[in-house]
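The values are calculated or read from the model by the stated rules, or taken from the named source; none is laboratory data. Not measured: the values here are computed from a predicted model. Note that each Cβ is placed from the backbone with ideal geometry, even for glycine, and that neighbours are counted across all protein chains shown.
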Amino acid sequence: MMRRKLHTIVLSAVLSASILFGCGGSGTAPDNNTSQPATAPMADTKSESTEAVGTDSSGENITLNVLWHGGLNQTAKIRELVETEFKEMHPEWNVIFTEVPNSEIMNKAMMEVTGHTGAYDITMQYLTVPALANVGGIEPLDKYIARDNIDIDKYIDIGFRYKDQVWAMPIRADVRVLHYNEQYFKDAGLDPEAPPANMDELFEYAKKLSQNGHYGDNRSCLSADTFTTLLMDFGGSICDESGEPAFNSPEGVKAIEFMQRELEEGIIDPQNIGWQYSDEITGYLSGNSAMFESWPARFIDAKMPEKSNIVGQSRCAAAPGEYTLCGGWNLVMFSDSQNKDEAWELMKYMTDPATQKKVIQNGGDCNPTHLDVLFDEELAEDYEVLRAIGENFDKVRSYPVSTQTTTLTNILQDTVLPDIFMNGADPMEALTQGAGEYRQALVDAGELPE
């Protein structure tokens, strides 16, 4: 009975993520990045399947089916390499990518796990690795890592460990950085070579930058990622070391009050209350705001005329807070895969540091997961965002590794933040109520005692 109860809790939590990361909310998953030209509405990537023929020394025909996050510069470049370089390595393997938008991929993965269809071998996941592992839906990777002498500690841990096992290979690390408009800095009499170094400076800069028809800062007040980013900026944590919810704290209140002050001072767009995640991106790329604490993908987006009105103006710096939020996407292997060894070879190739470097150099987003790539001085000369991430790397903090992390983000952006910003609730009372709901979810899942 307990196993069935846990399965039901985990399933409902993951299915709710399809709402959290879809069009109905702020959209917090790093990094959707499906932005169209800055003046156009956003659209989800349509599902599609493409086949890459990839060399097996045994000469055996193998088909690998990949449930893939479409709409990202990075994932498009990885696919190109699979269709060319990996094809030369394994010419008799067929790699079929089924692209789905960010809003659907976690739901589809859990349906695959519960239905045992065996339709896919590999998928990309964000926050849901523990949930999939907990119901036996994905394969632990420790034996493959040991067999091939992979130094897993050289990869950024974005939630690939759970219960002392490795369940995923990290393919996309999203570390918050500060994007800012160099021209707007100059117009406001600020030195673009000296961006804000702390939260007090960020607020003062934002006030000075709120001029000439644009806002000084850019954020959605109802986004779980926005709150979590500011919580960490002010030195707070989502949970304490024992796993107890800890965001109902003085630092949590500071995060809320910072957003409230920005609204009162006219520093951020008051329309942000109704924003989705894509609207945040547009708010910066359209030139509507001067600064934006966001994921690294904006560095590449801002350089693309088809997405950006600020080509040649956007710069990057380390996020100015005490800690820095890190999210990202992992590759997992379904337990029902009939081609586990071959699936591992594909996962290993896509996350290999040499592949990651090529993806960046070929125009993919700058989201490396391997430390050798992140701290590659040659790359950093051309990609300022890598240096910005590296400067803050010792301050990186992630969401808790839990089967209930999507429950947490739902509580924040469906209940806590709307109560505060739309209903006028007291910040500490609303945060404490949310922390209590999250704790109960952890208790129900067997992750905390009664």
Test result for Phe86, on the phi < 0 side of the Ramachandran plot, modelled with pLDDT of 95 or more and not in a strand (DSSP E or B) | yes
Selection over segment 89-110 where residues are surrounded by fewer than 22 Cβ atoms within 10 Å (Cβ to Cβ) and either of a type in the set (S, T, N, Q) or outside any strand (DSSP E or B) (or both) yields a count of 9
Those residues of segment 414-447 which are over 25 Å from the mean Cα position of the chain (by Cα) and not in a helix (DSSP H, G or I) amount to Met422, Asn423, Gly424, Ala425, Asp426, Gly446
In segment 274-331, what residues are of a type in the set (Ser, Thr, Tyr) and closer than 25 Å to Phe160 by Cα?
-> Tyr277, Ser294, Tyr323, Thr324
Within segment 255-307, restricting attention to residues that are outside any loop (DSSP other than H, G, I, E, B) and small (Gly, Ala, Ser), which residue is nearest to Asn362 (Cα to Cα)?
-> Ala297
Leading residue by the ranking (surrounded by the fewest Cβ atoms within 10 Å (Cβ to Cβ)) among those in segment 145-172 that are touching a helix residue (DSSP H, G or I) at 6+ places or on another chain (Cβ under 8 Å) and closer than 13 Å to Tyr126 by Cα | Pro170
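Yes/no per residue for (1) hydrophobic (A, V, I, L, M, F, W, C); (2) farther than 19 Å from Trp167 by Cβ:
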{"residue": "Pro101", "(1), (2)": "no, yes"}
{"residue": "Ile105", "(1), (2)": "yes, no"}
{"residue": "His116", "(1), (2)": "no, no"}
{"residue": "Thr123", "(1), (2)": "no, no"}
Six or more apart or on different chains, Cβ under 9 Å: which pairs go from a residue in segment 337-361 that's of a type in the set (Gly, Ala, Ser) to one that's part of a helix (DSSP H, G or I) and crowded, with 19+ Cβ neighbours inside 10 Å? Could you list them?
-> Ser337/Ala343; Ala354/Val373
Out of all the residues in segment 189-241, which are of a type in the set (S, T, N, Q) and closer than 30 Å to Glu447 by Cβ?
-> Ser220, Ser223, Thr226, Thr228, Thr229, Ser237
For segment 181-189, does any single residue satisfy the condition of being surrounded by 23 or more Cβ atoms within 10 Å (Cβ to Cβ) and not in a helix (DSSP H, G or I)?
-> yes
Which of the residues belonging to segment 124-161 are more than 19 Å from Ser398 (Cα to Cα) and assigned to a loop (DSSP other than H, G, I, E, B)?
-> Val135, Gly136, Gly137, Glu139, Pro140, Leu141, Asp148, Asn149, Ile150, Asp151
Kindly list the number of the only condition in (1) part of a helix (DSSP H, G or I); (2) in contact with an Asp or Glu (Cβ under 8 Å, 6 or more places away or on another chain) that fails for Gly235.
-> (1)
Of the residues in segment 396-410, those that are part of a helix (DSSP H, G or I) and closer than 29 Å to Leu374 by Cβ come to Thr405, Thr406, Leu408, Thr409
Please work out which one of (1) in the same structural domain as Thr75 (by TED's automatic domain parsing); (2) in contact with a strand residue (DSSP E or B) (Cβ under 6 Å, 6 or more places away or on another chain); (3) buried (at least 16 other Cβ atoms within 10 Å of the Cβ) is the condition Asp217 fails and give its number.
-> (1)
Which listed residue is farther than 29 Å from Tyr162 by Cβ and either hydrophobic (A, V, I, L, M, F, W, C) or at pLDDT below 95 (or both), from Ala425, Ala441 = Ala425
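A quick yes/no check of all residues on (1) crowded, with 18+ Cβ neighbours inside 10 Å; (2) under 19 Å from Tyr180 (Cα atoms); (3) of a type in the set (S, T, N, Q):
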{"position": "Ala297", "(1), (2), (3)": "yes, yes, no"}
{"position": "Leu331", "(1), (2), (3)": "yes, no, no"}
{"position": "Lys348", "(1), (2), (3)": "no, no, no"}
{"position": "Thr355", "(1), (2), (3)": "yes, no, yes"}
{"position": "Glu377", "(1), (2), (3)": "no, no, no"}
{"position": "Glu381", "(1), (2), (3)": "no, yes, no"}
{"position": "Ala388", "(1), (2), (3)": "yes, yes, no"}
{"position": "Asn392", "(1), (2), (3)": "yes, yes, yes"}
Scan of segment 308-354 for residues that are in contact with a helix residue (DSSP H, G or I) (Cβ under 6 Å, 6 or more places away or on another chain), part of a helix (DSSP H, G or I) and closer than 19 Å to Leu64 by Cα, ordered by number = Trp344, Tyr349, Met350
Of the candidates Phe227, Phe234, the one satisfying the condition of being of a type outside the set (Gly, Ala, Ser) and surrounded by fewer than 22 Cβ atoms within 10 Å (Cβ to Cβ) is Phe234
